[in-house]
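S.K.: Okay, handing you the structure first.
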Amino acid sequence: MPMIDVNGTTLHYIDEGPRAAPCLVMSPSMFFDVRMFSAQSDALSDRYRIVRYDHRGQGDSARHQRDELDMDTLTDDAAALIEALELAPVVFVGNSMGGFVGLRLAARRPDLLRSVVVMGTSADVEEQAEAMDGLVDALSEHGIEAVLDGVLQFMMGDTTLMNPKRADVLAEVTALLKTRTPEYADAAWHIAHRKSILDELPSIKVPLLVVAGTEDHTYPPVKSEQIAGLVSHAELVYMPETGHVHAMENPDEVTALLERHLAAVLEQRIE
């Protein structure tokens, strides 16, 4: 299991594909890990270098106290990972929490980036902070079973929750969530209490693709529209029948979207 020491932590990561190829770094949502982007890595790693990693405090990465799990620290972790593995410039792909990191990198460390793709994320403060705090308290005191139904409602779109054709996706996510232990509450706390970076968005110069799931219960399309409205060159894409976990709920469409984005960014680079 590949591990790397960066920025005062130890991160678990998977590094696949040709080392000299353009690189994508994939950063998952809260509660998820490297498995979130397995389908995309399987589809793209014959042509691109794909690095997936677990945030500190989650997956197989090192555990930390609550005050060491804030979004700025997670952003510094990602930058340090890119630098340590000599990956730059990368296409950074982030879902939700990974998107929090991606937007901060775009504003603060454009030297490391070829472009950024964010899915189901927000640049604003948490509007559902009270509900998140309740989830955090229950998770910390009683474990994941106490909040499992609520987390699934946050994460999954209506199509995934109700359509038998996506029963395997729902089962996979449910099984993953059931492995999450009470200390995940420390990372989740920082979602509820993160700071807005809306004022940083106009400074973003790297290409930015913003993807909104039309059934996202956590960060509905208005949050993606807010981001795109503050970054003049951003491309905004709506993904139908998709909730908060784009890469797993709609894997083929996410892969196709990444392929189109890569083709456009790399062509632009050549020109």
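S.K.: I'd like to check something: does the range 199-209 contain any residue that is on the phi > 0 side of the Ramachandran plot, open to solvent by 10 Å² or more (accessible area, probe 1.4 Å) and at pLDDT 95 or above?
M.R.: As a first pass, look at the range 199-209 and keep what is on the phi > 0 side of the Ramachandran plot: none.
No; the residues of the range 199-209 include none that is on the phi > 0 side of the Ramachandran plot, open to solvent by 10 Å² or more (accessible area, probe 1.4 Å) and at pLDDT 95 or above.
S.K.: Residue by residue through the range 1-43, note down the ones that are surrounded by fewer than 18 Cβ atoms within 10 Å (Cβ to Cβ) and of a type in the set (Asp, Glu).
M.R.: Within the range 1-43, 5, 15, 16, 42 meet the criteria.
S.K.: Given the criteria acidic (Asp, Glu), closer than 20 Å to residue 98 by Cα and open to solvent by 40 Å² or more (accessible area, probe 1.4 Å), does residue 183 qualify?
M.R.: On the way: acidic (Asp, Glu): yes; closer than 20 Å to residue 98 by Cα: yes; open to solvent by 40 Å² or more (accessible area, probe 1.4 Å): yes.
Against the criterion (acidic (Asp, Glu), closer than 20 Å to residue 98 by Cα and open to solvent by 40 Å² or more (accessible area, probe 1.4 Å)), residue 183 qualifies.
S.K.: Of the residues in the range 227-251, how many are part of a helix (DSSP H, G or I) and in contact (Cβ under 8 Å) with a residue 40 or more places away in the chain? Outline the logic, then answer.
M.R.: Narrowing the range 227-251 to residues part of a helix (DSSP H, G or I): 227-230, 246-249, 251.
Right, trim to in contact (Cβ under 8 Å) with a residue 40 or more places away in the chain and you get 227, 230, 246-249, 251.
Here the count works out to 7.
S.K.: Given the structure, is residue 196 over 27 Å from residue 253 (Cβ atoms) and in contact with an Asp or Glu (Cβ under 6 Å, 6 or more places away or on another chain)?
M.R.: On the way: over 27 Å from residue 253 (Cβ atoms): yes; in contact with an Asp or Glu (Cβ under 6 Å, 6 or more places away or on another chain): yes.
Yes.
S.K.: Take residue 56 and decide whether it is open to solvent by less than 20 Å² (accessible area, probe 1.4 Å) and more than 23 Å from residue 254 (Cβ to Cβ).
M.R.: Numbers: open to solvent by less than 20 Å² (accessible area, probe 1.4 Å): yes; more than 23 Å from residue 254 (Cβ to Cβ): yes.
Taking the combined requirement at face value, the residue satisfies it.
S.K.: Quick check: anything in the range 112-133 over 30 Å from residue 261 (Cα atoms), of a type outside the set (A, V, I, L, M), modelled with pLDDT of 95 or more and in a helix (DSSP H, G or I)?
M.R.: Within the range 112-133, not a single residue is over 30 Å from residue 261 (Cα atoms), of a type outside the set (A, V, I, L, M), modelled with pLDDT of 95 or more and in a helix (DSSP H, G or I).
S.K.: Another one. Any idea which of 81, 113, 105, 135 is under 27 Å from residue 214 (Cα atoms), among the aliphatic types (A, V, I, L, M), over 11 Å from the mean Cα position of the chain (by Cα) and crowded, with 22+ Cβ neighbours inside 10 Å? Full working, then the answer.
M.R.: Values: 81 fails: under 27 Å from residue 214 (Cα atoms); 113 fails: under 27 Å from residue 214 (Cα atoms); 135 fails: crowded, with 22+ Cβ neighbours inside 10 Å.
Checking each option against the conditions leaves just 105.
S.K.: Something else: Counting only residues that are among the charged types (D, E, K, R), give me the strands (runs of 3 or more DSSP E) lying completely in the range 1-95 with at least 2 of them.
M.R.: On the way: elements: 3-6, 9-16, 23-27, 49-53, 90-95.
By residue number, 9-16, 49-53.
S.K.: Something else about it: (1) in a helix (DSSP H, G or I); (2) surrounded by fewer than 20 Cβ atoms within 10 Å (Cβ to Cβ); (3) not charged (D, E, K, R): which one isn't true of residue 191, the others all being true?
M.R.: The number of the failed condition is (2).
S.K.: Let me ask something additional. Tell me, which residue of the range 223-245 that is within 18 Å of the chain's Cα centre (by Cα) and of a type in the set (A, V, I, L, M, F, W, C) is nearest to residue 140 (Cα to Cα)?
M.R.: Here the residue is 245.
S.K.: Still on this structure, please answer the following. I'm told residue 100 meets every condition in (1) within 23 Å of residue 255 (Cα to Cα); (2) part of a strand (DSSP E or B) except one. Can you identify the failing condition by its number?
M.R.: Result: residue 100 passes all but (2).
The values are calculated or read from the model by the stated rules, or taken from the named source; none is laboratory data. Everything numeric here is computed off the predicted structure, so don't read it as measured data. Neighbour counts run over all protein chains shown; Cβ positions are idealised from the backbone, glycine included. The protein model used for the area step is the full one, side chains on, heavy atoms only, and it has no ligands, DNA or RNA in it. Shrake-Rupley method; radii C 1.70, N 1.55, O 1.52, S 1.80 Å.
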